[in-house]
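The values are calculated or read from the model by the stated rules, or taken from the named source; none is laboratory data. Small disclaimer: the values here were computed from a predicted structure and weren't measured. With ideal geometry, Cβ positions are generated from the backbone for all residues, glycine too; neighbour counts draw on all protein chains shown. These accessible areas exclude ligands, DNA and RNA; they are computed on the full protein's heavy atoms, side chains included. Shrake-Rupley method; radii C 1.70, N 1.55, O 1.52, S 1.80 Å.
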Amino acid sequence: MASVVLSEAEKLYIVHGVQEDLRVDGRGCEDYRCAEVETDVVSNTSGSARVKLGETDILVGIKAEMGTPKLEKPDEGYLEFFVDCSSNSPELEGRGGEELGTDIANTLYRVFSCENTVDLKSLCINPKEHCWVLYVDVLLLECGGNIFDAISIAVKAALFNTRIPKVRVLEDEEGTKEIELSDDPYDCIRLNVDEVPCIVTLSKIGYRHVVDATLQEEACSLASLLISVTSKGAITSLKKVGKGSLDPESIFEMMETGQRVGKSLHTALQKILDEEESLGTSRPKVGFLG
């Protein structure tokens, strides 16, 4: 992961500020940086989104393709995640970027493995034979800290934007089945993202923890807790990262903070997505993809 080198004096300054609930950029311990969310930014995808969280810049594209259901779940479709970090910085080229990309993809698989996160049965076309496979491609354009949260926001926004063509299964007299895709772009399936969790990363700095840590703050933290939270505040998964340790009391405090902050994050994100949706095709395009 991209990192910065800080002197002991700089680290001390950051740590002391966090203890007083005053971070270097003026935020409190539970405040996120200003986020920009834009959907439908890549034309040749089924759904896409771009999220800027401070200096962190994420692009997600989702492509729906027909595939064969998995043997253990013959009446469901499924999601596949791929994360590319190589464009971010020279230090993430090669093995470093691959390892980070694999770690992020595995985290996303774990977050979306919970039941009812996405209605996978709605992606089934013909049990045991055909289903929709959603290929979720994540591109890390720039890393300014807190990439897991930004990626989870971008994935949820892209899933909200995803449109899957409606299909009909036709059967002739001989029993041969044919699949007919609707050619009407408005005749499509939309995914319900109400239960899709967002990741809230809490970084332990000194005796306190902060959300949405910058690169400088991440350099002062020895341990972080990744909490996936639904819009109702339910925790679906936990993951501890970093070399340091966390005592049980700190973990419970971080979980409570994660639930509280996560609910607010979902509310703000859904408001932005609904506003974008209401604008339709008349909304202005922002950024270099506009």
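Run the quick spin-label model on Glu249 and Arg168: label points 7 Å from Cα toward the beta carbon, then report their separation in nm to one decimal.
Taking the simple label geometry, Glu249 and Arg168 are separated by 6.7 nm.
As an exercise, use a Förster radius of 25 Å and the Cβ-Cβ distance of Leu6 and Tyr109 to find the FRET efficiency, rounded to the nearest 0.05.
So the FRET efficiency works out to roughly 0.15.
Evaluate the distance, in nm, between pseudo-label points positioned 7 Å from the Cα of Asn192 and of His16 along their respective Cα→Cβ axes.
Roughly 5.3 nm, to one decimal.
Answer with one residue from Val261, Ile147, Cys85: the one whose Cα lies farthest towards the positive end of the charge dipole of the stretch 8-279, charges on Cβ with Lys, Arg +1 and Asp, Glu -1.
Val261
Give me the extension gain from Gln270 to Ala234: residue separation times 0.36 nm, minus the current Cα-Cα distance, reported in nm with one decimal.
Extra length available between Gln270 and Ala234 comes to 11.3 nm.
Along each of its three principal axes, how wide is the spread of alpha-carbon positions in the stretch 8-279, in whole angstrom units, largest first?
Here the spans come out as 79, 39, 37 Å, largest first.
Roughly how big is the chain's charge dipole about its Cα centre, with Cβ charges of +1 (Lys, Arg) and -1 (Asp, Glu), in debye to the nearest 20?
620 debye
Please provide three numbers in whole Å: the alpha-carbon extents of the stretch 126-174 along the principal axes, with the largest listed first.
Rounded to whole Å, the extents work out to 60, 18, 15 Å.
The chain: longest stretch without exposed chymotrypsin sites (Phe, Trp or Tyr not before Pro) (DSSP loop, at most 16 other Cβ within 10 Å), sites themselves excluded?
Counting at most 16 other Cβ atoms within 10 Å as exposed, the longest clean stretch of the chain is 1-185.
Taking the Cβ-Cβ separation of Lys128 and Ser182 as r and a Förster radius of 25 Å, what is the calculated FRET efficiency to the nearest 0.05?
My answer for the efficiency is 0.65.
Return the long-range amide H neighbours of Glu142 (sequence gap of 5 or more, or a different chain), with a cut-off of under 5 Å between placed amide H atoms.
Hits under the 5 Å cutoff: Asp57.
Where q = 0.12, 0.19, 0.22 Å⁻¹, what log10 of I(q)/I(0) comes from the Debye formula for the stretch 168-273, counting one point per Cα?
-0.55, -0.93, -1.13
Which percent of the accessible area of the chain is formed by carbon and sulfur heavy atoms (probe 1.4 angstrom)?
For the chain, the apolar C and S fraction of the accessible surface comes to 51 percent.
Please get the size of the charge dipole for the stretch 98-246, origin at its Cα centre, with Cβ charges of +1 on Lys and Arg and -1 on Asp and Glu, quoted in debye to the nearest 20.
Here the size comes out at about 1060 debye.
In square angstrom, what is the accessible area per residue of the chain with a 1.4 angstrom probe?
The answer is 52 Å² per residue.
Build a GNM of the chain with springs between Cα atoms under 10 Å: which of Gly242, Gly145, Gly77 gets the top mean-square fluctuation?
Sorting by GNM fluctuation, first place goes to Gly242.
Take peptides 265-272, 244-251 and line them up by average Cβ neighbours within 10 Å, highest first, as a rough protection proxy.
Result, highest mean first: 265-272, 244-251.
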